[in-house]
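The values are calculated or read from the model by the stated rules, or taken from the named source; none is laboratory data. Owing to the predicted nature of the structure, the values given are computational and were not obtained by experimental measurement. Heads up, the Cβs are rebuilt from the backbone with ideal geometry, glycines too, and the neighbour counts pull from every protein chain shown. Ligands, DNA and RNA are excluded from the accessible area calculation, which covers all protein heavy atoms including side chains. Shrake-Rupley method; radii C 1.70, N 1.55, O 1.52, S 1.80 Å.
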Amino acid sequence: MVFWQLTIDTNDPALLARFWARALGYQPVPPAEPETTWSALYRSRLGEEAAFDDRLFDPAGLRPPIWFQKVPETKAGKNRLHLDLYPTGRDRALPMDRRIEIVEAKVAELVGLGASVERRTREDDPQDPVYFVVMHDPEGNEFCVG
């Protein structure tokens, strides 16, 4: 098994860490359980209550950690990798109006945290209804909410 973390280049690690912590439900403290490679390393080096302003951890310890790496250059061009957030839980049985309501509530929350909306896409295919919003985080990195 390969353990990995997601690393995001940024000019302001603390700003993006605060934004993505709220967006994803992550925290700046490694979880105590389950014991993982990263949580053990951080606790051994920094103590049980170590908190970070440039790293985030899944409170359940199941999803990969995220590190916001400070870089001098600003974002240039489209992301080659982006996150898709699914506040709907990808429940295809949700009626379209409920799907849109849930997505738009998350979009409004994220706009309140400093994100911006690029565009909305809706496809009313009865076999695979789709509604998602392309957004930008506070530093302009693209992500989708669907």
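For region 78-101, the condition holds for at least one residue, the condition being that it is more than 19 Å from PRO28 (Cβ to Cβ) and touching a Leu at 6+ places or on another chain (Cβ under 7 Å). Among the residues of region 118-130, those that are part of a strand (DSSP E or B) and either within 18 Å of the chain's Cα centre (by Cα) or of a type in the set (S, T, N, Q) (or both) comprise GLU118, THR121.
Annotation: LEU81 fulfils all but one of (1) part of a loop (DSSP other than H, G, I, E, B); (2) touching a residue at least 12 places away in the same chain (Cβ under 8 Å); the unmet one is (2).
Has region 104-122 got any residue that is within 27 Å of ALA32 (Cα to Cα) and touching a Lys or Arg at 6+ places or on another chain (Cβ under 9 Å)? No, region 104-122 has no match at all. With respect to (1) within 21 Å of CYS144 (Cβ to Cβ); (2) open to solvent by 60 Å² or more (accessible area, probe 1.4 Å), the lone exception for LEU83 is condition (2).
Just so you know, in region 131-141 the residues that are open to solvent by less than 30 Å² (accessible area, probe 1.4 Å) and not in a loop (DSSP other than H, G, I, E, B) include one that is nearest to ALA105 (Cα to Cα), and it is VAL133. Checked against the criteria, PHE68 counts as open to solvent by less than 60 Å² (accessible area, probe 1.4 Å), modelled with pLDDT of 90 or more and in contact with a helix residue (DSSP H, G or I) (Cβ under 8 Å, 6 or more places away or on another chain).
In region 90-117, the residues that are assigned to a helix (DSSP H, G or I) reach residues that are small (Gly, Ala, Ser) with C-beta atoms within less than 7 angstrom, at least six apart or across chains, in these pairs: VAL103/GLY146; LEU110/ALA23. Residues in region 1-20 that are among the aromatic types (Phe, Trp, Tyr) and either open to solvent by less than 60 Å² (accessible area, probe 1.4 Å) or modelled with pLDDT of 95 or more (or both): PHE19, TRP20.
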